[in-house]
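For reference, the structure I am asking about is given below.
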Amino acid sequence: MKIKKTYAFAFITSVLFTLLTVGGFSFLLYFKYTIVIDLEVTLYSTVIVFFMFFIVLQKRVEQFIYKRVLKIYEEVSLLDINNLSRTNVTPDIESLSKEMQKFAEDKQLEIESLNERETYRREFLGNISHELKTPLFTVQGYILTLIEGAAEDKDIRDRYLERANIGVERLTSIVKDLDMISKLETNDLNLNIQPFNCLEMIQNIFDLFDMKIKKKNMTLRFDKLYEFPIFVMGDAAKIKQVLINLIVNSIKYGKIGGIIMVSIGSTRGNKIAIKVKDNGEGIKKENIGRIFERFYRVDKSRSRDQGGSGLGLSIVKHIIEAHKQTITLESEYGKGSEFTFTLKRA
Ligand SMILES: Nc1ncnc2c1ncn2[C@@H]1O[C@H](COP(=O)(O)OP(=O)(O)OP(=O)(O)O)[C@@H](O)[C@H]1O
Ligand SMILES: [Mg+2]
């Protein structure tokens, strides 16, 4: 058993004091009065003196330490002071120093994460204002020109109003995306999970993008003929958003005359895996890890021509994760990309 440090301290100090006291006393008696105390008396007095010293010292040391420990605890307010009963103070010196170390480490971690968040926040604000500025200035530009007289010409007026409207639509879509992200991040998004036929949903989306596809001379289709409906569990509106974001990306970053293929299969865990595959520009390895971050775009200038803000995939990921499912990306630069996400089978 390990003897408590304070007991050892009190013990050694008491021994030293006892020896000095008894020795000194005997010495004094012998030289001054030539009295020799017999052995028995010396022994008893030694023991008594020792215990007196020991008890007093031990109590005093405990008190001394207790006061200081308490003060330290109070200052760092580590624990509830009431938790600190007097009995466990002395051996606690060691655990206190351990606790202090842990406390310091925790604080360090906290500071680091706060710094990180601060940088993130700053970047986020910068990104948002940047994203909003571009369409806002466009709209402002057209309106100012109209005010300055361009409104007189009916043709120009209509054209400028039309362009201003496009800018406003862009602003609205960014704000909607941001709103969606903030809801997703605060888990404020009440998912309405129900079974639905994903085959039908995808077919509807195909129809939705018919024009866009034709414009780029592309093909958007299933990989094969699916004869029977496939029912999955999920929030239909949100999953539709996921599919739209993925397909719009494939159209945006696909090549003229390219093919976009959607396939539905099952995974080993008996889930449904939906795959959106294109043979477009693909994504470099170094960007794959960051593609789902909000505002992240591979080629900022090019994406800007395409009117993207880099929120699409981060929304996709949030929605899939809110469903407790996963999304993966496989891509070879120059050859195409393949996004696969899972859903629970209904
Ligand atoms: N199918 C794809 N092929 C190649 N690159 C892609 C593909 N999908 C996404 N990317 C890259 O990932 C980036 C992020 O995509 P994301 O959908 O998040 O943003 P975005 O399309 O630029 O803007 P938006 O918010 O309008 O969707 C894109 O800018 C693009 O560089
Ligand atoms: Mg996108």
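Test residue 234 against the criterion of being in a strand (DSSP E or B), buried (at least 18 other Cβ atoms within 10 Å of the Cβ) and not β-branched (Val, Ile, Thr), and give yes or no. Walk me through it before giving the result.
Values: in a strand (DSSP E or B): yes; buried (at least 18 other Cβ atoms within 10 Å of the Cβ): yes; not β-branched (Val, Ile, Thr): yes.
Yes: the conditions hold for residue 234.
While we're on this one: Are there any pairs, at least 6 apart or on different chains, whose C-beta atoms fall under 8 Å, with the first in the stretch 98-115 and open to solvent by less than 70 Å² (accessible area, probe 1.4 Å) and the second in a helix (DSSP H, G or I), and if so, which?
Going by the 8 Å Cβ cut-off, the qualifying pairs are 100/72; 100/76; 103/76.
Given the conditions (1) surrounded by 15 or more Cβ atoms within 10 Å (Cβ to Cβ); (2) at pLDDT below 85, report the number of the one that residue 36 does not fulfil.
(1)
Same structure, new question: Look at the stretch 146-188 and say how many of its residues are within 30 Å of residue 323 (Cα to Cα) and either open to solvent by less than 40 Å² (accessible area, probe 1.4 Å) or not small (Gly, Ala, Ser) (or both).
Just the residues of the stretch 146-188 that are within 30 Å of residue 323 (Cα to Cα), to begin with: 169-188.
Adding the requirement that they be either open to solvent by less than 40 Å² (accessible area, probe 1.4 Å) or not small (Gly, Ala, Ser) (or both) leaves 169-172, 174-181, 183-188.
Qualifying residue count, the stretch 146-188: 18.
Another question, then. What number of residues within the stretch 98-155 satisfy the criterion of being under 30 Å from residue 69 (Cα atoms) and touching a Leu at 6+ places or on another chain (Cβ under 7 Å)?
2
Follow-up question, since we're still on this one. Conditions first: (1) surrounded by fewer than 11 Cβ atoms within 10 Å (Cβ to Cβ); (2) more than 23 Å from residue 270 (Cβ to Cβ). Residue 216 passes all but one, so which condition is the exception?
(1)
Restricting to the stretch 215-235, count the residues that are within 24 Å of residue 309 (Cα to Cα) and away from ligand 1 (no atom under 14 Å from the Cβ).
Of the residues in that region, 1 qualify.
Select from the stretch 263-283 the residues that are free of Cβ contacts under 8 Å to residues at least 60 places away in the same chain, away from ligand 2 (no atom under 16 Å from the Cβ) and among the charged types (D, E, K, R) and list them in ascending order.
Hit for the stretch 263-283 is 268, nothing else.
Hey, another quick one. Contact list please: Cβ distance under 6 Å, first residue in the stretch 307-318 and within 14 Å of residue 239 (Cα to Cα), second residue within 8 Å of ligand 2 (Cβ to nearest atom), pairs at least six apart or on different chains.
Note: pairs meeting the criteria are 312/245; 316/245.
I've got another one for you. Mind listing whichever residues of the stretch 41-71 are loosely packed, with under 14 Cβ neighbours inside 10 Å and either outside the structural domain of residue 17 (by TED's automatic domain parsing) or at pLDDT below 80 (or both)?
Across the stretch 41-71, the qualifying residue is only 71.
Then there's this: Quick check on residue 339: is it within 12 Å of ligand 1 (Cβ to nearest atom), in contact (Cβ under 8 Å) with a residue 12 or more places away in the chain and over 28 Å from residue 125 (Cα atoms)? Can you show your working first?
Working: within 12 Å of ligand 1 (Cβ to nearest atom): yes; in contact (Cβ under 8 Å) with a residue 12 or more places away in the chain: yes; over 28 Å from residue 125 (Cα atoms): yes.
So residue 339 fits the description; yes.
Going through 315, 291, 264 one at a time, which residue ends up being touching a Leu at 6+ places or on another chain (Cβ under 8 Å), open to solvent by less than 20 Å² (accessible area, probe 1.4 Å) and assigned to a strand (DSSP E or B)? Give the steps one after another, and end with the answer.
Numbers: 315 fails: assigned to a strand (DSSP E or B); 291 fails: assigned to a strand (DSSP E or B).
Exactly one of 315, 291, 264 is touching a Leu at 6+ places or on another chain (Cβ under 8 Å), open to solvent by less than 20 Å² (accessible area, probe 1.4 Å) and assigned to a strand (DSSP E or B), namely 264.
Here's a check for you: in the stretch 275-307, which residue that is of a type in the set (A, V, I, L, M, F, W, C) and at pLDDT below 90 is farthest from residue 125 (Cα to Cα)?
Residues of the stretch 275-307 of a type in the set (A, V, I, L, M, F, W, C): 276, 283, 288, 291-292, 295, 298.
The next check asks that each one be at pLDDT below 90; those that pass are 295, 298.
On the way: 295: 11, 298: 20 Å.
Looking at the filtered set, the residue picked out is 298.
Would you check which residues across the stretch 183-206 are in a loop (DSSP other than H, G, I, E, B) and either in contact with a Leu (Cβ under 8 Å, 6 or more places away or on another chain) or free of Cβ contacts under 8 Å to residues at least 40 places away in the same chain (or both) and list them? Working first, answer last.
First, pick out the residues of the stretch 183-206 that are in a loop (DSSP other than H, G, I, E, B): 186-192.
186, 188, 190, listed by residue number.
For residue 310, are the conditions met, namely being modelled with pLDDT of 90 or more and over 19 Å from the mean Cα position of the chain (by Cα)?
Values: modelled with pLDDT of 90 or more: no; over 19 Å from the mean Cα position of the chain (by Cα): yes.
Spelling it out, it is not the case that residue 310 is modelled with pLDDT of 90 or more and over 19 Å from the mean Cα position of the chain (by Cα).
Here's another thing I want to ask about it. Six or more apart or on different chains, Cβ atoms under 7 Å: show the pairs whose first residue is in the stretch 208-223 and in contact (Cβ under 8 Å) with a residue 40 or more places away in the chain and whose second is open to solvent by less than 50 Å² (accessible area, probe 1.4 Å) and among the hydroxyl-bearing types (Ser, Thr, Tyr).
Partner pairs satisfying both residue conditions: 222/263; 223/263.
The values are calculated or read from the model by the stated rules, or taken from the named source; none is laboratory data. Computed from a predicted model, the values in this text were never measured in an experiment. Cβ atoms come from the backbone with ideal geometry, glycine included; neighbour counts cover every protein chain shown. Just the protein is used for accessible areas: all its heavy atoms, side chains included, with ligands, DNA and RNA removed. Shrake-Rupley method; radii C 1.70, N 1.55, O 1.52, S 1.80 Å.
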